[in-house]
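Heads up: the structure comes next, in structure tokens.
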Amino acid sequence: MKNVGVIFKRTLWDSRIGILSWGIGLGLIALFEFTLFPSISEAFAGMTELLNSPFYKAFLGENADAAAFATPAGYISTYMLAFVPLYMAVYAVLLGLGVVANEEERGTLDVLLGTPIPRWQVIVEKSAAVLVILLLVLLLNGVGALIGVLMTPELAEVSIGRIIEGSFSMLPITLVMAAMALFFSTLLRSRNLAAGITGAIIIASYFVTNLSSIAEEALGTIKQFSFYSYYSPLRTMENGIVWNEFLILSVIVLALFGLAIYAFQRRDIAV
Amino acid sequence: MNQSNNAVIHIEGLTKHYGNVHALTDLRLDVYRGEVFGYLGPNGAGKTTTIRMLLDLIRPTAGHAHIFDMDIQQDSVKIRERLGNLPGELSLWNHMTGWDVINYLGELRGGVDKNYVGQLADRLDMDMSRKVKACSSGMKRKLGLIQALMHKPDLLILDEPTNGLDPLVQQTFYSLIREISSEGRTVFMSSHNLPEVEHVCDRVGILRGGRLAAVERIGDLKRVYFRWMTLRLDDSANPQAFEALDGVSDVTAHNGTLRFRVTGELDPVIKLAAQHHVIDMTYEEPTLETIFLEYYGEGAS
């Protein structure tokens, strides 16, 4: 095939400003937060009661532990690994919608599909570009985190390898968010509806997983269906990447990706 | 020559229904090699639905179609290698320049002859260095035409190609279409403009309410093409003299103003009017819908 890689390269090139702004922005936040570790950990050290309240549990889950929060691993996992995927959710959903929905709503998909490329190739090449884009943004975020750790002697016990593992461990969960947006946009043919449903699922999953640490009985079963339950930043910072969770999230991504291609191959392209 | 063997587009019973909305019903049509086929119909008649089905952008509810003897769904990619397409509601990538668009789409076609693109841009007077977002709708249309023509396709499918083009560029477009046809390539173009298809097409299909109501050779269509003319004269012209002219009918006269219907050439009317002092002359093109109703009647729908 003469045209392999053309859409992939074009998508990456068109995303260059997004990659730099999101990557550098998140990297600077990580750098800023890590250099503040000494003062923030001290302030939170005496807040055991507050952090154990349901409100904080709902937001921080396993990280809402004053003792853990005061440790370098706990602090980094909270700021870098628990919050960054939430920030990244916005970009990941936008990227997922960019695979098909944006071009379809703008009408450029009619021109693109007027060329001799199969529909599945559009999804595959654009999704491959999304994978690389997210990887690059997480890499830039990791660079910021690394500089922050190197500038903060109190975080010296955290190895460079752990920071790299921590950055890489965020890839599958952000890919799940992008793949959900892609799937719903191919299924529903509405950019706004797909964005709304994906956003609702991300928020619900985040809170179900975090609240299940204080309401195990009520949410124990539902938690298993929440993709956030397969992402453990604290354990990653303590013991390295949790590979079985990494694998589960990767399978979810592949399943959503496969379903998106299936739906897109069969349906009408909107005018 | 056996025409069915020569059909570039062969459509059999193509149907598209959206619930109770019958966008297209049981379309049967052949378009032959080297032909310029006009696909006429008022807005909402089903023209774009047909084109989007031929391009495999939407799937038929029933029926099937072949282009170059290949199935429009199974062999869509192979068909599109030999096909150029201009969508009716053309959208291009706003952040790209004209050349960026051509390079991108050209790469997806495995390369493009940039000299030929340059020639097309010159003929259509298109500034290819301008970004799409800075282009007027007419310029975007020209860029759309260039991308449809750039790989010298065997079949061009054009949805309302001259929408937004100024009259000079329209003439260039008509020349391009004639050249393409003379090379044995085929053009299938939709329009709601009867004079336009009369100008460039060999045959026309008239679509109404989602059904193909008639297929006519362009010479036959001329017999149904009429316009209304109103003449204001400073003396009392004789309405009977106008009524006696070939192709003139339905003459009414009121206070020196004559109104009548003309079919065919205008020359006899102009010559007769020139014998009087003409204060004003107006000329009304009937809509396609009016012509259709006049000649095919309500029952045809």
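Out of A:114, A:166, A:142, A:98, I need the residue that is under 27 Å from residue A:247 (Cβ atoms), within 14 Å of chain B (Cβ to nearest Cβ) and of a type in the set (Gly, Ala, Ser). Which one?
Matching residue, one of A:114, A:166, A:142, A:98: A:98.
Each residue in the stretch A:30-68 was checked for being under 22 Å from the mean Cα position of the chain (by Cα), modelled with pLDDT under 80 and not small (Gly, Ala, Ser), and 6 pass. Look through A:89, A:70 and report the one residue that is surrounded by fewer than 23 Cβ atoms within 10 Å (Cβ to Cβ) and over 20 Å from residue A:165 (Cα atoms). That would be A:70, the only listed residue that is surrounded by fewer than 23 Cβ atoms within 10 Å (Cβ to Cβ) and over 20 Å from residue A:165 (Cα atoms). Exactly one residue out of A:155, A:175 is at pLDDT 95 or above and either open to solvent by less than 10 Å² (accessible area, probe 1.4 Å) or within 16 Å of the chain's Cα centre (by Cα) (or both), and it is A:175. Quick check on the stretch A:191-204: of everything there that is open to solvent by 30 Å² or more (accessible area, probe 1.4 Å) and in contact (Cβ under 8 Å) with a residue 60 or more places away in the chain, which residue is nearest to the chain's Cα centre (by Cα)? Restricting to residues being open to solvent by 30 Å² or more (accessible area, probe 1.4 Å) and in contact (Cβ under 8 Å) with a residue 60 or more places away in the chain, the top hit is A:195. Considering the stretch B:39-55, and only residues there that are of a type in the set (Ser, Thr, Tyr) and under 16 Å from residue B:21 (Cβ atoms), the residue that is most open to solvent (accessible area, probe 1.4 Å) turns out to be B:48.
Residue A:148 falls short of the stated requirement of being assigned to a helix (DSSP H, G or I), touching a Gly at 6+ places or on another chain (Cβ under 8 Å) and modelled with pLDDT under 95.
When we screen B:233, B:272 for residues that are more than 30 Å from residue B:206 (Cα to Cα), of a type outside the set (Phe, Trp, Tyr) and touching a Gly at 6+ places or on another chain (Cβ under 6 Å), the only hit is B:233.
Going through (1) at pLDDT 90 or above; (2) farther than 29 Å from residue A:102 by Cα one by one, residue A:185 falls short only on (2). Residues in the stretch A:1-38 that are within 14 Å of chain B (Cβ to nearest Cβ) and open to solvent by less than 30 Å² (accessible area, probe 1.4 Å): A:3, A:5, A:6, A:7, A:11, A:15, A:18.
Looking at the structure I just gave you, is residue B:194 touching a helix residue (DSSP H, G or I) at 6+ places or on another chain (Cβ under 9 Å) and either among the polar types (S, T, N, Q) or within 14 Å of chain A (Cβ to nearest Cβ) (or both)?
No; evaluated as a whole, the condition is false for this residue.
This table checks each residue for (1) over 30 Å from residue B:111 (Cα atoms); (2) open to solvent by 30 Å² or more (accessible area, probe 1.4 Å); (3) of a type in the set (S, T, N, Q); (4) not in a strand (DSSP E or B).
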| position | (1), (2), (3), (4) |
| --- | --- |
| B:151 | no, yes, no, yes |
| B:169 | no, no, no, yes |
| B:184 | no, no, no, yes |
| B:196 | yes, no, no, yes |
| B:249 | yes, yes, yes, no |
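Of the residues that make up the stretch A:256-267, is at least one closer than 30 Å to residue B:56 by Cβ, of a type in the set (Phe, Trp, Tyr) and either in contact with a strand residue (DSSP E or B) (Cβ under 6 Å, 6 or more places away or on another chain) or away from chain B (no Cβ under 14 Å) (or both)? Scanning the stretch A:256-267 turns up at least one residue that is closer than 30 Å to residue B:56 by Cβ, of a type in the set (Phe, Trp, Tyr) and either in contact with a strand residue (DSSP E or B) (Cβ under 6 Å, 6 or more places away or on another chain) or away from chain B (no Cβ under 14 Å) (or both). Consider residue A:182 carefully, then state whether it is in contact (Cβ under 8 Å) with a residue 40 or more places away in the chain, within 29 Å of residue A:209 (Cβ to Cβ), more than 14 Å from every other protein chain (Cβ to nearest Cβ) and assigned to a helix (DSSP H, G or I). In short, yes. Summed over the stretch A:181-190, residues that are on the phi < 0 side of the Ramachandran plot, surrounded by 19 or more Cβ atoms within 10 Å (Cβ to Cβ) and either of a type in the set (Asp, Glu) or over 19 Å from the mean Cα position of the chain (by Cα) (or both) total 1. Here the stretch B:60-78 is the region considered, the condition is being touching a residue at least 40 places away in the same chain (Cβ under 8 Å) and within 11 Å of chain A (Cβ to nearest Cβ), and the residue that is least open to solvent (accessible area, probe 1.4 Å) is B:60.
Residue under question is residue A:207, and the condition is that it be part of a helix (DSSP H, G or I), open to solvent by 10 Å² or more (accessible area, probe 1.4 Å) and closer than 17 Å to residue A:258 by Cα; does it hold?
no
Within the stretch B:10-28, being surrounded by fewer than 16 Cβ atoms within 10 Å (Cβ to Cβ) and either within 21 Å of the chain's Cα centre (by Cα) or farther than 18 Å from residue B:79 by Cβ (or both) holds for B:13, B:17, B:18, B:19, B:20, B:21, B:26, B:28. Does the stretch B:160-167 contain any residue that is closer than 24 Å to residue B:67 by Cα, out of contact with any strand residue (DSSP E or B) (no Cβ under 7 Å at 6 or more places or on another chain) and open to solvent by less than 10 Å² (accessible area, probe 1.4 Å)? Within the stretch B:160-167, none of the residues are closer than 24 Å to residue B:67 by Cα, out of contact with any strand residue (DSSP E or B) (no Cβ under 7 Å at 6 or more places or on another chain) and open to solvent by less than 10 Å² (accessible area, probe 1.4 Å). Residue B:87 falls short on exactly one of the conditions (1) under 26 Å from residue A:106 (Cα atoms); (2) over 23 Å from the mean Cα position of the chain (by Cα); (3) not small (Gly, Ala, Ser), and that condition is (2). Note on the stretch B:82-119: residues that are in contact (Cβ under 8 Å) with a residue 40 or more places away in the chain and more than 13 Å from chain A (Cβ to nearest Cβ) total 1.
For the stretch B:202-220, a residue qualifies if it is touching a residue at least 12 places away in the same chain (Cβ under 8 Å), open to solvent by 10 Å² or more (accessible area, probe 1.4 Å) and outside any strand (DSSP E or B), and the qualifying residues are B:202, B:209, B:218.
Out of curiosity, is residue B:129 within 12 Å of chain A (Cβ to nearest Cβ), in contact with a Ser or Thr (Cβ under 7 Å, 6 or more places away or on another chain) and open to solvent by 10 Å² or more (accessible area, probe 1.4 Å)? Let's see the steps before the verdict.
Numbers: within 12 Å of chain A (Cβ to nearest Cβ): no; in contact with a Ser or Thr (Cβ under 7 Å, 6 or more places away or on another chain): yes; open to solvent by 10 Å² or more (accessible area, probe 1.4 Å): yes.
Answer is no for this residue.
Against the criterion of being open to solvent by less than 10 Å² (accessible area, probe 1.4 Å), more than 13 Å from chain A (Cβ to nearest Cβ), over 20 Å from residue A:110 (Cβ atoms) and among the β-branched types (Val, Ile, Thr), residue B:31 qualifies.
The values are calculated or read from the model by the stated rules, or taken from the named source; none is laboratory data. Remember, predicted model here, so these are calculated numbers, not experimental data. Here Cβ is always computed from backbone atoms with ideal geometry, including for glycine, and neighbour counts include all displayed protein chains. These area figures cover heavy atoms from the full protein model, side chains too; ligands, DNA and RNA do not enter into them. Shrake-Rupley method; radii C 1.70, N 1.55, O 1.52, S 1.80 Å.
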